[in-house]
């Protein structure tokens, strides 16, 4: 017999049923909250045209993409591939169906994406992303930025996590600030330095900036800038201390930040909300609000949700303008990390079955079915065990998956009274069916 | 600007939000019912090793498989591919995790599979299958066959469909019957004829059987056999009329059919349950019970769920024996078909939002958020519209997505009393927040 490797492919998360039930619960919670905030669910195909997916790629995306070939067709030019995020398919969807959608289009996608990243512990090649986006036509008021962030925050709250901190910035502030320093041309490189500053010593960031050709004063100002954080008022004051002159862009960015922080304060009462100019969220794409959410006491695990405002969702596919704002929870990675640090439990506390019913033999099947139906009607998850092995072995199986066991012999079937055994405590209770 | 084709790839179902909400509801219903019957949810990766997927393929499967290539890796020998069903990954899962599972393992998989079939209307290349399976170790009592069928029937009942008919057979009966005719060697070919008999005239089936070399008497008997249907008792009587002598296989198959029909009669009270020897379910794989479910008045759409018993789930991957029984609802196709014949509605009756709140301007955001929060707490789906366009246009959007609209101006915000407008009837009601 040929020997097969039956482990899942590297980079794929595969859970046992007791873990899956926890994962599914978290996913359902996110979905429910998004839904209650008015986000409509859509589901785009996992396979898309390669040219759609790579219309704006470059960088890692192209290296990480999974191409798809049908044997029957030519394998030379793979024109189909697996999506690597929800945003590109969403752009295609909005362009394709825009006449049938009501804008602003509040949309959620909770599904798997695929990236052939270097396999390593805690990094996944197939992963759930739980996206919430709001797409406008031509215009999208800034209040929607707060709506997305508050919705994602509410979803995370269902995880019963410790205190969260929402860190907010606005890319227009950075742009305007770099204008005042005559550094607009280097804004991509400088953004990249700020984006990575949190994980390295300040001195290393300084050196990077010097290498980019910034003079000493510019380096000092950029470093001061990226450490601006606090309430909106604090951030505005600190920024004004650094700023030489003012620009329309800075004013616009600050005004947006003010509106968003105000609205968030009303919606996320129990979060710490910081304006924090170190938040960048990668190089291009975002054009206004950017945000990340952290666990206050577990900064080391990184952001647990993030997103921002983009000027134009579908600029690669259409001349029409669809500004949007969105955010995402990377559930597969988050589940892995929270499980590792013990903030979610996937052990036997999560028994997937409420009642396991064990009829002795065929004669008791009738009554067992009746008991099962009644318990199911009450909302319980009920398993009937038809095994013909020894009762001890059957109870052993029951205790692995269920909270209660009900053994049904002929006396139970005739009296219609059963004993409900709590499989953890051993306690017993009678009940008539 | 490059012109992109933004339609989904051929063979992919892509729904509008108002359709998606119906689809998601059906999927959730199936999942809930499976779950309440004690089936545990698992989720295997969409990408698997090619050798695992093709360990037992042949036939169409290999032609329809989607191979997956990472650019960075060699494209010559695609060793990864997309799963085409849930059964092969389940076999791998059970072998890989068997020490951590409690057997019989009642398991459900509700997810997408991929087959590059010839694209045609109503045929999908990416499709949801809602599988429920029960896997035993070494042995699996026959009562589980009824459990799977009843569970799937209960799931279909949540669709509010007209009367259903469950058609049951048992492959052992056919095997035993062919033994008595000395036709065991041609059993695959004969099964194939019976499998296709329903869609062609009897004369054509007769000709096929003659071409296989059956003599006139054998042809007559096989044709009589495949038209045996009715209650278990009727079927047994009709079969005995045809049968020359008896065999152990026939007796075993009949006994299993009797147990399964008896148990089903108790669990699926409002279904028509038929023993029907024309049910085959393809060539290999199944070894005992086979079933299909039909809509009594819509036979032309074919079976709406199906499945059966297999002797050995993972025979390609291990020497251990895992007998199983399972069934599946092909949700993507079923949704398409039921929508076409009008048995499910995806029009505006299914407005995804309960309340759309329309604050006049920033000053009313506070109160709008308060109203939204309160309505959400009551379980409602609430959208806040922050658009700055004219009220008429905003109400127009609301009426496309929501049942009720609440406009909030300064008088509402100060009096805390709002008018709730029913967007269909135009009726208005006051409420204090």
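Please give the calculated 222 nm ellipticity per residue for chain A, where each DSSP H segment of at least 4 residues contributes -39500 (n - 2.57) and the sum is spread over every residue; nearest 500 deg cm²/dmol? Only helices count here, giving -11500 deg cm²/dmol.
If neighbour count is taken as other Cβ atoms inside 10 Å, put B:163, A:27 in order from fewest to most.
Details: B:163 12, A:27 19.
In order of increasing Cβ crowding within 10 Å: B:163, A:27.
Per-residue shielding of B:370-377, expressed as the average number of other chain Cβ atoms within 10 Å of the residue Cβ, stands at 2. Of B:172, B:186, B:147, the sequence from fewest to most neighbouring Cβ atoms within 10 angstrom is B:186, B:172, B:147. Apply the a/c threshold of 1.5 to the C-alpha gyration tensor of segment B:208-342 and tell me whether it is rounded, prolate or oblate. Since a/c stays below 1.5, the shape of segment B:208-342 is classed as rounded.
Taking every Cα-Cα distance in segment B:351-432 and sorting them into 5 Å bins starting at zero, the pair-distance distribution P(r) comes out as 3, 16, 29, 29, 19, 4, 0 percent. Centre-to-centre, using Cα atoms only, segment A:366-406 and segment A:109-132 are separated by 37 Å.
Over segment B:17-340, calculate the relative contact order: mean separation of alpha carbon pairs under 8 Å at least 6 apart, over the residue count, as a percent. List each step's numbers first, then the result.
Details: 555 pairs, mean separation 75.3, N = 324.
Across segment B:17-340, relative contact order equals 23 percent.
Of all DSSP bridge pairs formed entirely within chain B, close to 75 percent run antiparallel. Counted by neighbouring Cβ atoms within 10 Å, the residues B:145, B:244 run from fewest to most as B:244, B:145. Within the listed set B:357, B:134, B:166, the residue fluctuating most in the Gaussian network model of chain B (springs between alpha-carbon atoms under 10 angstrom) is B:357. Summary for residue A:427: label point 7 Å along Cα→Cβ; distances to the equivalent points in the other copies, ascending, 4.7 nm. Using only Cα atoms, locate the centre of segment B:175-191 and the centre of segment A:191-211, then give the distance between them in Å, rounded to an integer. The two parts, judged by their Cα centres, are 77 Å apart.
Remark: spin-label model distance residue B:7-residue B:320 equals 4.8 nm, labels positioned 7 Å along the Cα→Cβ axis. Residue by residue along A:141-151, Cβ atoms of other protein chains within 10 Å of the local Cβ number 3 on average. Cα centroid separation, segment B:317-347 to segment B:5-40: 11 Å.
Please compute, for peptide B:316-323, the average count of beta-carbon atoms on other protein chains lying within 10 Å of each residue's beta-carbon. Mind showing how you got there, number by number?
Details: counts 3, 6, 4, 1, 0, 0, 0, 0.
Per residue, the number of nearby Cβ atoms from other chains is 2 on average.
Summarising the overall dimensions of chain A from its C-alpha atoms, the Rg and Dmax are 27.2, 92 angstrom.
In nanometres and ascending order, the distances from the residue B:390 label point to those of the other copies are 8.3 (point 7 Å from Cα along Cα→Cβ).
Among DSSP beta bridges whose residues both lie in segment A:351-432, state the antiparallel percentage, nearest 5. Don't skip to the answer; put the middle values down first.
Values: 8 of 17 bridges.
For segment A:351-432, the DSSP antiparallel bridge percentage is about 45.
Over the protein assembly as shown, the fraction of Cα-Cα pairs per 10 Å bin, rounded to whole percents and listed from the shortest bin up, is 2, 11, 19, 22, 19, 13, 8, 4, 2, 0, 0. May I ask for the percentage of alpha-carbon pairs in segment B:256-316 that lie more than 16 Å from each other? Above the 16 Å cut-off, segment B:256-316 has 53 percent of its Cα pairs.
For segment B:351-432, what is the relative contact order in percent, using Cα pairs closer than 8 Å and at least 6 residues apart in sequence? So the answer I get is 34 percent. Put simply, segment B:109-245 fits an ellipsoid with semi-axes of 31, 22, 16 Å; these come from the alpha carbon gyration tensor as the roots of five times its eigenvalues, largest first. For chain B, modelled as a GNM with alpha-carbon contacts under 10 angstrom, which of B:324, B:213, B:302 fluctuates the most? Most flexible of the set in this elastic network: B:213.
What percent of all Cα-Cα pairs in segment B:1-40 falls into each 10 Å bin, going from 0 up to the bin containing the maximum distance? All Cα pairs considered, the percentages come to 24, 29, 26, 13, 6, 1. Helix A:248-267 and the long axis of chain A differ in direction by around 30°, with both axes built from C-alpha atoms.
Every number in this text was worked out from the coordinates using simple rules, so none of it is lab data. Note that this is a predicted model, so its numbers are computed, not measured. For neighbour counting, all protein chains shown are included, and Cβ atoms are generated from backbone atoms with ideal geometry for every residue, glycine included.
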